[in-house]
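In what follows, a structure is listed as structure tokens, so that the remarks can point back to it.
The values are calculated or read from the model by the stated rules, or taken from the named source; none is laboratory data. Given the structure is predicted, the values throughout are model-derived calculations rather than measurements. Heads up, the Cβs are rebuilt from the backbone with ideal geometry, glycines too, and the neighbour counts pull from every protein chain shown.
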Amino acid sequence: MTIVACSRCGAPVDDSNQYCAKCGSKVSYPVPQFSSTPPSYSYTPTPQPHAVSRGFGQMFGLDPRIAFLTVIVDMMLFGGDVLSGGLLVFLSIFVGAILGFVTYKAQMKWYGDDRDAAMIKAAILGLLTAIPVPLPALLSVPTGIVGLVHNMRKK
């Protein structure tokens with residue numbers, strides 16, 4: 001026994017009947033049939049874009065000019081903080097923010113970083129410069145050397 005749908009009202013009709021029990025119209029064949037099993041759907045996930053690995057130098061390197069600028073600025077700020085007894089901390093915060101912005105722009109233009117990578121590197125350098133300790137020199141010199149090697153390999 002197959003169940004079919006009425007072509008006029010869509011009500012289910014047994015294929016042994018010639019008339020629809022709901023509207024009374026004559027059932028004409030072929031009529032779309034209801035299936036007792038639901039249709040099978042296959043799920044094919046769309047591939048998500050993955051970040052392209054651009055190597056150690058691109059990931060961890062700084063443009064050498066920015067690394068040099070960071071060392072010079074931090075030496076000047078740290079010396080001023082030591083001599084003033086910490087009264088120039090607000091100047092360090094302001095200069096750290098400016099150095100972060102300069103790093104962001106330079107990393108995108110000179111080093112070829114994307115916005116996210118440049119923003120992360122800029123935030124790290126800006127924060128480390130604002131802290132009144134000589135930390136940026138410990139990080140910017142090695143990353144500047146990595147950047148220099150990276151730039152020499154690109155050419």
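Between a residue in region 99-120 that is over 15 Å from GLY144 (Cβ atoms) and any residue that is among the acidic types (Asp, Glu), which pairs come within a Cβ distance under 8 Å, given they are 6 or more apart or on different chains?
Short answer, once both residue conditions are applied: MET108/ASP114.
Mind checking which helices (runs of 4 or more DSSP H) fall wholly inside region 1-110 and carry at least 3 residues that are at pLDDT 90 or above? Outline the logic, then answer.
Numbers: elements: 56-60, 64-84, 89-106.
Output list reads 64-84, 89-106.
What about PRO136, is it assigned to a loop (DSSP other than H, G, I, E, B) and surrounded by 13 or more Cβ atoms within 10 Å (Cβ to Cβ)? So that I can check it myself, show each step before the final result.
Values: assigned to a loop (DSSP other than H, G, I, E, B): no; surrounded by 13 or more Cβ atoms within 10 Å (Cβ to Cβ): yes.
Here the answer is no, as PRO136 does not meet what is asked.
Quick check: is even one residue across region 139-155 within 20 Å of ARG65 (Cβ to Cβ) and either in a loop (DSSP other than H, G, I, E, B) or in contact with a Lys or Arg (Cβ under 6 Å, 6 or more places away or on another chain) (or both)?
yes
Looking at this structure, is GLN107 surrounded by fewer than 19 Cβ atoms within 10 Å (Cβ to Cβ) and in contact with a helix residue (DSSP H, G or I) (Cβ under 9 Å, 6 or more places away or on another chain)?
No, not satisfied.
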